[in-house]
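J.: Before I ask anything, let me first share the structure, which is written out below as structure tokens.
What follows is calculated from the coordinates using simple rules that are stated; it is not laboratory data. These figures come from a predicted structure and were not determined experimentally. Cβ: placed from backbone, ideal geometry, glycine included. Neighbour counts: every protein chain shown.
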Amino acid sequence: MTIYVAVSGPADATADERSLAEEVGRRLAEGGAVVVCGGLGGVMDAAARGAREAGGVAIGVLPGESRTGASPNLAAAIPTGMGEGRNAILVRAVDAVIAISGEFGTLSEIALALKMGKPVVGLGTWELRKSGRVVEAIMTAASPQEAVEMAFEAAGGRGPA
């Protein structure tokens, strides 16, 4: 069974965030996963690049009505014309989510994934609180390797050897 893992994070990413995302994408591809992302720049492009360079597949679920602006590292780009509403499609299509840093779009993907019962692994991402207490809903990883291992385990996949 092929595992599909979303990599979520900011389009306006720092060099460190892009580096983390590229390694995550590479490790996912090496483990046999399909990488799914928002299909644009920043973390999305870096994860797709890592997957492509490792011989894997990255699929982008785009917010616009065309493929204009899509990462050149995608094997497939799917325009939705749904803006941020595409986050629901992206999350529904995967077995797990790895959130790297992130802005409000990433937060919406985290929330949708949790609502849908999908495991979420955070790598320097949001911490959720309710009434001042941390909600233990996001698994926290310290490295790209750990994030990928946790995502594979949570999704019930074989993962990297």
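J.: Can you pull out every residue in region 28-46 that is surrounded by fewer than 24 Cβ atoms within 10 Å (Cβ to Cβ) and within 11 Å of Gly9 (Cα to Cα)?
T.: Passing the criteria: Leu40, Gly41, Gly42.
J.: Looking for whichever is charged (D, E, K, R) and part of a loop (DSSP other than H, G, I, E, B) here; the options are Asp45, Asp16, Asp12. Which one fits?
T.: The match here is Asp12.
J.: Take region 110-122 and flag every residue that is more than 23 Å from Met1 (Cβ to Cβ) and within 11 Å of the chain's Cα centre (by Cα).
T.: Of everything in region 110-122, those that are more than 23 Å from Met1 (Cβ to Cβ) and within 11 Å of the chain's Cα centre (by Cα) turn out to be Ile110, Gly122.
J.: Out of everything in region 6-27 that is surrounded by fewer than 23 Cβ atoms within 10 Å (Cβ to Cβ) and of a type in the set (S, T, N, Q), what residue ends up being nearest to the chain's Cα centre (by Cα)?
T.: Ser19
J.: Same structure again: Quick one: Glu84 ticks every box in (1) acidic (Asp, Glu); (2) touching a residue at least 12 places away in the same chain (Cβ under 8 Å); (3) within 22 Å of Arg49 (Cα to Cα) except a single one, so which number is it?
T.: Of (1) acidic (Asp, Glu); (2) touching a residue at least 12 places away in the same chain (Cβ under 8 Å); (3) within 22 Å of Arg49 (Cα to Cα), only one is false for Glu84: (3).
J.: Restricting to region 107-124, give me the number of residues that are in contact (Cβ under 8 Å) with a residue 12 or more places away in the chain, surrounded by fewer than 21 Cβ atoms within 10 Å (Cβ to Cβ) and among the hydrophobic types (A, V, I, L, M, F, W, C).
T.: 4
J.: Of everything in region 125-160, what is exposed (fewer than 12 other Cβ atoms within 10 Å of the Cβ) and under 18 Å from Val43 (Cα atoms)? Give them in sequence order.
T.: Within region 125-160, just Ala142 meets the criteria.
J.: If a residue has to be touching a Cys at 6+ places or on another chain (Cβ under 9 Å) and either of a type outside the set (A, V, I, L, M) or surrounded by fewer than 24 Cβ atoms within 10 Å (Cβ to Cβ) (or both) to count, how many in region 47-58 make the cut?
T.: Going through region 47-58 one residue at a time, the tally reaches 0.
J.: Of the residues Val91, Val97, which is closer than 16 Å to Ala151 by Cα, out of contact with any Leu (no Cβ under 7 Å at 6 or more places or on another chain) and among the β-branched types (Val, Ile, Thr)?
T.: Exactly one residue qualifies, and that residue is Val97.
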